[in-house]
Amino acid sequence: MSNTASERFSATYRLSVEARDVQARAQALALEQSVEMPLEAVTQPSVRERVVARVESIEPVQAEPAGRFDVTLSLATRTTGLEAGQLLNMLFGNCSLQPDVELIDFDPNPDLLQALPGPRFGVDGWRQALGLQRAPLRPLTCTALKPQGLSPSQLGELARTFALAGIDVIKDDHGIADQEDARFGARVAAVQRAIERAAAERGSAARVLYAPTLSGGPRRLREQLRIARDEGVGAVLICPMLCGVPTLVELVREEAGVPILAHPAFAGSARIVPELLLGRLFRMFGADATIFPNFGGRFSYDRGTCRAIAQRAREPLGRVRAILPVPAGGMRTERVDEMIEEFGTDVMLLIGGHLLAGATAPGDSVLSRAAAFVERVHAAAASLSAAGSGTAP
């Protein structure tokens, strides 16, 4: 390790435990997350000193009912092997199996920040890829190709419609994988060509980025990355909790060569608070944007949780670039102004199913709805620029 300050890092857990038992429970947690054995069985002084986790603080949670405590441990950096999967193991491996524990914070030290380099592109990289570096800055627009079961040509035509409307990023729905209805190679070729045709029809210099879903094990992922590069796609989407965070760090980040959207599928299976997992950890593992269920949509995240995810995605973190928060999950065009007010302009707004709903009036179509979404975002951003504001809250 480079210096004494980097020999340990801290993690904070919320325990549900009676006050009389919290000291013993905290010590048991420290042992479980480091050596997995009774302290008296650790007879080597060097292991006791350099490996065993330490209880640094125990604080009652004032806003919670009695019997809730925040326990901060310091863990030895050497135990992580400076590798993403082992870091998660040391943070929340065994204790994820204990129902009275929740991981609520993690403070990386310089060695971990050096070993896990974070996003290649981040907020500025997305804008550069889209040709949007100049003022006024605005939120990016995003939508999803869905549902599963469409053919490559059907998905391509839908992508062309969205691209004609001027949406910045068109991603696969995360449920669309390398399936019989639309194999990865055929789908990516069809969608990318459709987007390119739309760009020619529009005659606009602005780019539209397609983000196909990557799925499967390392061999399949490597082949999908090759196809994506060969077809010239501008972004990719991956579910880190399904494909594995080491895969994101060591394969996708290294070989994609384009911005990466991280999808939260399966992230709710672990008791890690969303702002830590989706905001900080996905960012450290190499995501350039992080999708999360926004408040008021199909999911139960509240406004405070969503605000915290966005903060963790963009706050200073050593040399790690800020990434775009992507509020999603049942969003509608009518909420654009509200979301920009909440998250500022360094955000990617994702509206999917609402743009695909059946026509309700003459002139109502997928194209008109997508165009209205784009126009609403541009108008709101222009209004913010005129008022002299619009950066991240």
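The values are calculated or read from the model by the stated rules, or taken from the named source; none is laboratory data. From a predicted model like this one, the values you see are computed outputs, not experimental measurements. Counting neighbours? That spans all protein chains shown, and the Cβs are built from the backbone with ideal geometry, glycine included. With ligands, DNA and RNA removed, areas are computed over all heavy atoms of the protein, side chains included. Shrake-Rupley method; radii C 1.70, N 1.55, O 1.52, S 1.80 Å.
Averaged per residue, what accessible surface does region 41-180 expose to a 1.4 Å probe, in Å²? Mind showing how you got there, number by number?
Working: 6040 Å² over 140 residues.
Ligands and nucleic acids excluded, the figure is 43 Å² per residue.
Would you tally the net charge around Glu64, using a Cβ to Cβ cut-off of less than 12 Å, leaving Glu64 out, and scoring K and R as +1, D and E as -1?
Working: positive: Arg14, Arg68; negative: Glu59, Asp70, Glu102.
Combined, the nearby Lys, Arg, Asp and Glu give -1.
When the Cα atoms of region 1-155 are enclosed in a convex hull and the volume is divided per residue, what value in Å³ results?
Details: hull volume 34.6 nm³, N = 155.
In region 1-155, the Cα hull volume divided by residue count equals 223 Å³.
Among the DSSP beta bridges whose two residues both lie in the chain, what percent are antiparallel, rounded to the nearest 5? Numbers along the way, then the final one.
On the way: 22 of 45 bridges.
DSSP beta bridges in the chain are roughly 50 percent antiparallel.
What per residue convex hull volume, in Å³, do the alpha-carbon atoms of region 208-328 yield?
Convex hull of Cα atoms, per residue: 106 Å³.
For a Förster distance of 56 Å, can you work out the FRET efficiency between the beta-carbons of Leu132 and Asn89, rounded to the nearest 0.05? Could you put the intermediate results ahead of the total?
Numbers: r = 39 Å, r/R0 = 0.70.
E(calc), rounded to 0.05, equals 0.90.
Heavy-atom accessible area of Arg376 with all protein chains present, probe 1.4 Å, nearest 10 Å²?
90 Å²
Enter the accessible area of Ser383 (Å², nearest 10), with the probe set to 1.4 Å and all protein chains included.
80 Å²
Using 1/(1 + (r/R0)^6) with R0 = 56 angstrom and r between the beta carbons of Arg120 and Gln62, what's the FRET efficiency to the nearest 0.05? If you can, show how the numbers build up before the last one.
Values: r = 41 Å, r/R0 = 0.73.
That pair, Arg120 with Gln62, gives E of 0.85.
Treating only the Cβ of Lys, Arg, Asp and Glu as charged (+1, +1, -1, -1), what charge dipole size does the chain show about its Cα centre? Round to the nearest 20 debye. Before the final figure, lay out the partial values.
On the way: 42 positive and 45 negative charges, 183 e Å.
Dipole size: approximately 880 debye.
Run the accessible area of region 85-199 with a 1.4 Å probe and give the carbon-and-sulfur part as a rounded percent. Each step should come with its number before you reach the end.
Values: 2130 of 4380 Å².
Looking at region 85-199 in its full context, I get 49 percent from C and S.
Looking only at region 118-138, which residues have a backbone nitrogen under 19 Å from a spot 7 Å from the Cα of Glu196 in the C-beta direction?
129-131
Taking 0.36 nm per intervening residue step and subtracting the Cα-Cα distance, what contour gain separates Gln98 from Ser383 on full extension?
Details: separation 285, 0.36 × 285 = 102.60 nm, distance 4.98 nm.
Here the segment from Gln98 to Ser383 would lengthen by 97.6 nm.
For region 116-203, build the convex hull from the C-alpha positions and give me its volume per residue in Å³.
119 Å³
How high is the relative contact order of region 212-272? Use alpha-carbon pairs under 8 Å, at least six apart in sequence, and give a whole percent. Present the calculation step by step, with values, prior to reporting the outcome.
Working: 65 pairs, mean separation 22.7, N = 61.
Relative CO of region 212-272 lands at 37 percent.
Sorted from largest to smallest, which semi-axis lengths in Å does the alpha carbon gyration tensor of region 161-229 give for its equivalent ellipsoid, taking the root of 5 times each eigenvalue? Intermediate results must be reported in sequence, preceding the final value.
Details: eigenvalues 120, 25, 21 Å².
After scaling each eigenvalue by five and taking roots: 24, 11, 10 Å.
Carbon and sulfur together cover what percent of the accessible area of region 236-393 at a 1.4 Å probe radius?
Working: 3210 of 6000 Å².
Summing carbon and sulfur atoms, their accessible area is 54 percent of the total for region 236-393.
Give, rounded to the nearest 20 debye, the magnitude of the charge dipole that region 90-181 has about its Cα centre when Lys and Arg contribute +1 at Cβ and Asp and Glu contribute -1 at Cβ. All intermediate terms of the calculation are to be shown ahead of the outcome.
Numbers: 7 positive and 13 negative charges, 142 e Å.
About 680 debye.
Per 5 Å bin, what percent of the C-alpha pairs of region 94-138 does each bin hold, from zero upward?
5, 15, 13, 10, 13, 13, 14, 8, 6, 4
Per 5 Å bin, what percent of the C-alpha pairs of region 14-93 does each bin hold, from zero upward?
In order of increasing distance, the bins hold 3, 15, 23, 22, 17, 12, 6, 2, 0 percent.
Keeping every protein chain present and rolling a 1.4 Å probe, give me the accessible area per residue for region 270-393 in Å².
40 Å²
Rounded to the nearest 0.05, what FRET efficiency is calculated for Asp302 and Arg78 with R0 set to 41 Å and r the Cβ-Cβ distance? Before the final figure, lay out each step's value.
Numbers: r = 38 Å, r/R0 = 0.93.
It comes out at approximately 0.60.
Could you state the principal axis extents of the C-alpha atoms in the chain, from the largest down, to the nearest angstrom?
Largest to smallest, the principal-axis extents are 74, 45, 37 Å.
What is the helix-to-structure angle for 366-387, meaning the angle in degrees between its Cα long axis and the longest Cα principal axis of the chain, kept from 0 to 90 and rounded to the nearest 10?
Approximately 70 degrees, to the nearest ten.
Hey, how many Å between the Cα centroid of region 177-191 and the Cα centroid of region 134-166?
Between the Cα centre of region 177-191 and that of region 134-166, the gap is 16 Å.
Going 7 Å from the Cα of Ala357 in the Cα-to-Cβ direction, what parts of region 259-303 have a backbone nitrogen less than 18 Å from that spot?
294-299, by backbone N distance to the label point.
I'd like to know which of Gly232, Pro264, Val252 lies farthest towards the positive end of the charge dipole of region 225-282, counting +1 on Cβ of Lys and Arg and -1 on Cβ of Asp and Glu.
Pro264
Any chance you could look up the accessible area of Ile176 with a 1.4 Å probe, heavy atoms only, rounded to 10 Å²?
10 Å²
Testing the spin-label approximation: label points 7 Å from Cα along Cα→Cβ at Ser365 and Asp107. State their distance in nm.
Label at Ser365, label at Asp107, 5.7 nm between them.
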